[in-house]
2 protein chains.
Amino acid sequence: MKVVLIGSGSVATQLGLALQAKGCTISQVYSRNISNAETLAKKLNTAFITDISEIYMEADIYFYALTDSAFKSILKKIVMPEGIQVHTAGCIPMYEFEGYTSKYGVFYPLQTFSKNKPVDFSQIPVCIEASNFEVQQRLLEIANLLTQKTFLIDSEHRKKLHLAAVFACNFTNYMYDVASVILEDSGFLFEMIQPLIAETAGKIQNMNPYEAQTGPAVRMDEITISKHLKLLDKHPEFKKIYKLMTKNINKRHRKL
Amino acid sequence: MKVVLIGSGSVATQLGLALQAKGCTISQVYSRNISNAETLAKKLNTAFITDISEIYMEADIYFYALTDSAFKSILKKIVMPEGIQVHTAGCIPMYEFEGYTSKYGVFYPLQTFSKNKPVDFSQIPVCIEASNFEVQQRLLEIANLLTQKTFLIDSEHRKKLHLAAVFACNFTNYMYDVASVILEDSGFLFEMIQPLIAETAGKIQNMNPYEAQTGPAVRMDEITISKHLKLLDKHPEFKKIYKLMTKNINKRHRKL
């Protein structure tokens, strides 16, 4: 199967590597940024372009791994090839392809990717949506190359999954980042809390997060909370987060 | 070594089990709540009391695993035994023991505990503080039974560690909880994002969280952000968190 990657970010990188490892041919990489295009093409040992008019027309499938605005701008410029067109975004409706081609869909891996960290695709849920049954079957086949966890999910539901993922992943990672700043301020290495982070994430693999909640906010330990707020005097933005989180956790656990 | 546990929450439970597994004798458990006292005493196959005046006087060490206010109230009531007195709290200064005894300290395991989930202590940093060198040596010996990661840390620094832990663990877990509510609202099982949570936590074992940040906020994807905010119309409290987090992540990544 011949694949073209449109985009050169972390999703394009990890998806490209995973598909290649399963025997797909990555025929071409496109990015408007020449250095990014070249880097990814090198990793995949393939060709790259920075001008979308030079797109390879004979691929079986084209993956658009782009931001919302870049995606729309590419669609306006591209001379549409025959192959299946899919995007990988959580929050872009499938119908954005409408009018450009009839063979299209969505291939959304529910995971966080980084350019330089390989991921094990076998545990990643892949959410599929397709313009027709034939495309759907093809996308399921491709997804099944990578993972056993394939799901048929429409755009409205996918958007909600993506929203949940922003809380569980992006905001969570920002909490790690805030912790790292507080640790650094006090001369501690980030390593100090790595076991805690691992356990916090490990817990909810077998327990629901409501039950797993611990800390001063859930036990309404006001003395500790006020000590923490005092420590945050020089980080007013962290203090705001602390107050809002504490209020919400407290409310959540009083209500039920 | 004979140990008394004052408190019957998750810290007392997991610490008791871990010490017992390393050959310590748990001589007694105290809790003002009879059912909690009994449950923990059963787990440890030992005696329990609910009246602190009946405390066993011959133990080598007494662990106070209590909230700030319960700790202070017990100190006022207890007839102080000869053995070493330590508390396990991140945010209570060691000097709270002053005037009650001369052999005291802090034994703070930097981890999140649940009553029913056993933990591997060997990876847990234990932070020690002591009223004198002899107590310090004794506490280090006990900590070394459980883990290789022992640290001498004063009360001021421990408080900052605890604050970082609240962000990295308690607030993170609340982000999981919010995600679970959003998923449930849309008919998804929480399982759907468990691989994402595992990967998010796994990433920062080798990467700093600043570099690991992904998502619409860091790439300033305003179209996605506004779609997400619209989905949160019926959860105004989640919307507030979303906005605050997004603003902070955005600012953090523009600044550097």
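The values are calculated or read from the model by the stated rules, or taken from the named source; none is laboratory data. Remember, predicted model here, so these are calculated numbers, not experimental data. For neighbour counting, all protein chains shown are included, and Cβ atoms are generated from backbone atoms with ideal geometry for every residue, glycine included. Side chains included, ligands, DNA and RNA excluded: accessible areas come from the protein's heavy atoms. Shrake-Rupley method; radii C 1.70, N 1.55, O 1.52, S 1.80 Å.
One table, with the values for the structure above:
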{"item": "Residues of the stretch A:217-245 satisfying the condition of being over 11 Å from B:PHE171 (Cβ atoms), under 31 Å from the mean Cα position of the chain (by Cα) and at the interface with chain B (Cβ under 7 Å from one of its Cβ atoms)", "result": "A:GLU237, A:LYS240"}
{"item": "Any hit, the stretch B:160-170, residues being in contact with a Cys (Cβ under 8 Å, 6 or more places away or on another chain), touching a residue at least 12 places away in the same chain (Cβ under 8 Å), within 14 Å of chain A (Cβ to nearest Cβ) and farther than 30 Å from A:LEU163 by Cα", "result": "yes"}
{"item": "Test for A:ASN173: is it crowded, with 24+ Cβ neighbours inside 10 Å and in contact with a Lys or Arg (Cβ under 8 Å, 6 or more places away or on another chain)", "result": "yes"}
{"item": "The stretch B:42-56, residues that are open to solvent by 60 Å² or more (accessible area, probe 1.4 Å), over 24 Å from the mean Cα position of the chain (by Cα) and within 16 Å of B:ALA21 (Cβ to Cβ)", "result": "B:ASN45"}
{"item": "Any hit, the stretch B:12-33, residues being open to solvent by 50 Å² or more (accessible area, probe 1.4 Å), closer than 19 Å to A:ARG219 by Cα and among the polar types (S, T, N, Q)", "result": "yes"}
{"item": "Residues that are hydrophobic (A, V, I, L, M, F, W, C) and either facing chain A (nearest Cβ under 7 Å) or on the phi > 0 side of the Ramachandran plot (or both), drawn from the stretch B:171-182", "result": "B:PHE171, B:MET175, B:VAL178, B:ALA179, B:ILE182"}
{"item": "Count of residues meeting criterion [touching a residue at least 60 places away in the same chain (Cβ under 8 Å) and either closer than 20 Å to B:ASN132 by Cα or away from chain A (no Cβ under 14 Å) (or both)] in the stretch B:61-77", "result": "3"}
{"item": "Options A:ALA18, A:ALA12, A:ALA65, A:ALA70: the member that is at pLDDT below 95 and within 20 Å of the chain's Cα centre (by Cα)", "result": "A:ALA70"}
{"item": "Exclusive hit being more than 20 Å from A:TYR176 (Cβ to Cβ) and not β-branched (Val, Ile, Thr), set B:GLN136, B:GLN194", "result": "B:GLN136"}
{"item": "Candidate set from the stretch B:131-159 (those that are within 11 Å of another protein chain (Cβ to nearest Cβ) and among the hydrophobic types (A, V, I, L, M, F, W, C)); member that is farthest from B:PRO118 (Cα to Cα)", "result": "B:ILE153"}
{"item": "Lone qualifier among A:GLU156, A:GLU211 - being open to solvent by 10 Å² or more (accessible area, probe 1.4 Å), over 30 Å from A:ALA130 (Cβ atoms) and among the acidic types (Asp, Glu)", "result": "A:GLU211"}
{"item": "Near pairs, Cβ below 8 angstrom, 6+ apart or cross-chain, from the stretch B:5-22 (farther than 19 Å from B:ILE34 by Cβ) to any residue that is among the charged types (D, E, K, R) and assigned to a helix (DSSP H, G or I)", "result": "B:LEU17/B:LYS43"}
{"item": "Some residue of the stretch A:99-108 being part of a loop (DSSP other than H, G, I, E, B), within 18 Å of the chain's Cα centre (by Cα) and not acidic (Asp, Glu)", "result": "no"}
{"item": "Counted residues, the stretch A:184-194 - those being at the interface with chain B (Cβ under 7 Å from one of its Cβ atoms) and surrounded by fewer than 23 Cβ atoms within 10 Å (Cβ to Cβ)", "result": "5"}
{"item": "Subset of the stretch B:91-130 that is farther than 22 Å from A:GLN194 by Cα and of a type in the set (A, V, I, L, M) - its residue that is nearest to the other protein chains (Cβ to nearest Cβ)", "result": "B:ILE92"}
{"item": "Flag for B:PHE151 being at pLDDT 95 or above, of a type in the set (Phe, Trp, Tyr) and not in a helix (DSSP H, G or I)", "result": "yes"}
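So that you can scan it fast, the table gives a plain yes or no per residue for (1) open to solvent by less than 10 Å² (accessible area, probe 1.4 Å); (2) within 29 Å of A:CYS169 (Cα to Cα):
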| position | (1), (2) |
| --- | --- |
| A:ASP68 | yes, yes |
| A:HIS87 | yes, yes |
| A:ILE92 | yes, yes |
| A:TYR100 | no, no |
| A:LYS103 | no, no |
| A:ASP120 | no, yes |
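Residue by residue, here is whether (1) surrounded by 16 or more Cβ atoms within 10 Å (Cβ to Cβ); (2) in contact (Cβ under 8 Å) with a residue 24 or more places away in the chain; (3) more than 29 Å from A:ASP221 (Cβ to Cβ) holds:
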position: B:ILE128; (1), (2), (3): yes, yes, no
position: B:ARG138; (1), (2), (3): yes, yes, no
position: B:THR147; (1), (2), (3): yes, yes, no
position: B:LEU196; (1), (2), (3): yes, no, yes
position: B:LYS203; (1), (2), (3): yes, no, yes
position: B:ILE223; (1), (2), (3): no, no, yes
position: B:GLU237; (1), (2), (3): no, no, no
